[in-house]
Amino acid sequence: MSLEARRAFTSASRTLSASSLRERLVSLKNAPLKPVAQLHANIGFVPSKIPRKRRMQTMAVAIWSTTIINGMVIFLFLCSFPPLWPLLALYYTWMTFDKSPERGGRFNPWVRHLGFWKYFADYYPSSFLKTCDLPPDRPYVFGYHPHGIIGMGAICTFATESTGFSKAFPGIVPHLLTLSSNFTIPFYRDVLLALGICSAITIVVGGAAESLAAHPGTADLTLRKRLGFIKVAIQHGADLVPVFSFGENDIYDQMPNDKGTSVYTLQKKFQNMFGFTLPLFHGRGLLNCAFLFPLLPDNLALRLPTLAGRLEMPADNLKLTLAVLAVLFTDSLGMMPYRRRIVTVTVEQCDKPTLDEVVRVQEQYIEELMRIWNTHKDDFARSRRRELSIIE
């Protein structure tokens, strides 16, 4: 082929390619926005009309879920005002040397009875099932199972009066135990101290290790190696009260982390280093995003060019922004717990053990937990994927 022929052929190919590309771009411009339509079809958006009561419930859970972050942000914000530095220095010094967390806190009945906690409990909803009477003339150690991701059922029942614990067991005031590191967070620590002091203590027995096994439809407990709370009960002459919370593991989804996987290995190493671990979990979204997507998805593709022009933003960037907002503010992905029922069940206490009976009492304790599970699983754990098991 001659040089002139090659040049002519190449020029024609380029012209054809440019023409073909132009036609495809025009067709894409006029085509409906299928990705956004598919996104809308696959993700559950928050309804635009929600009763005020449900909004209050969501707000209560959102406030509590962000209390740690809010406490730190407020403290840092106050630090930006030099006149407040002497007061903040005094507060931080007092916080450092304050022994209240080790001596039962600063219990405030008014804080425990706030209407805020009723909205918090009704969000799931969380309830409390009493199966026996507990005389108020002795100390108790309540063992709470399972830990779940955060232990929202334990907060509802044992740290507040939202489920009516004091009415069910008059004269007994439970104190929910938590990591000592939580009392180093400004302002958040004061809320915790106001929520409990006691003739009884509640221990979420499984701790960080059990939180890694918190998957919906499961009840895998870390209990075989947990003898410390039994020893505490022996030393103080306290009765042991097994507590099982149905639905605690269902309010968050967690990334698959079976033993042997890289995720599980990293989480265990983190736990060994810092004393707690970080489950990779998610729940539902927080905000109602219906106002962001008028007439979605049918008319959105037609409105994009106009909306992009008003915002002085390229249409492709606007599509990406809308997609990100859809993920952040939908009803199926976010950091808020799901609205799934939590039922906390207590049973009659074990007999007071001697030191030589620790292992025997533990077996008796496990038997009581299994009895709770077998008695109530068909009522409160209908969506279970497997039966209760003691994994460690």
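For the residues S65, S211, a 1.4 Å probe over the protein chains yields an accessible-area ranking, largest first, of S65, S211. Amide H contacts for I390 (H built 1.01 Å from N in the peptide plane; partners 5 or more residues away or on another chain; cut-off under 5 Å): L221. Exposure check, 1.4 Å probe, all protein chains in place: R340 carries approximately 90 Å² of accessible surface. When the listed pairs K49/K118; K167/K259; K130/K259; K99/K377; K118/K377; K259/K377 are checked against a 31 Å cut-off, the alpha-carbon distance exceeds it for K167/K259; K130/K259; K99/K377. Note that segment 139-271 presents 33 Å² accessible area per residue, ligands and nucleic acids not counted, probe 1.4 Å. Across segment 161-178, coupling constants 3J(HN,Hα) worked out from phi with the 6.51/-1.76/1.60 Karplus curve, θ = phi - 60°, read 9, 5, 10, x, 5, 5, 6, 6, 10, x, x, 10, 10, x, 10, 7, 7, 8 Hz, and Gly and Pro carry x. For R284, the residues whose modelled amide H falls within less than 5 Å of its own, excluding neighbours fewer than 5 places apart on the same chain, are G334, M336, Y338.
Between the amide H of S126 and those of I342, distances stay under 5 Å, these residues lying 5 or more places away or on another chain, with hydrogens modeled in the peptide plane. One equal scatterer on each Cα of segment 165-267, no solvent, Debye formula: the resulting log10 I(q)/I(0) at q = 0.10, 0.17 Å⁻¹ is -0.39, -1.07. Applying the Karplus relation 6.51 cos²θ - 1.76 cosθ + 1.60 with θ = phi - 60° to segment 142-159 yields 3J(HN,Hα) values of 8, x, 9, 9, x, 5, x, 6, 10, x, 5, x, 5, 5, 4, 7, 10, 10 Hz, where x marks Gly and Pro. Here the Karplus relation 6.51 cos²θ - 1.76 cosθ + 1.60, evaluated at θ = phi - 60°, turns the backbone of segment 85-98 into coupling constants of 4, x, 5, 5, 5, 5, 4, 5, 5, 4, 5, 5, 9, 5 Hz, with x for every Gly and Pro. With Cα atoms defining each centre, segment 220-241 and segment 68-96 are spaced 38 Å apart in the structure.
The values are calculated or read from the model by the stated rules, or taken from the named source; none is laboratory data. Source: prediction; values computed, not measured. Note: areas computed on protein heavy atoms with side chains; ligands, DNA, RNA excluded. Shrake-Rupley method; radii C 1.70, N 1.55, O 1.52, S 1.80 Å.
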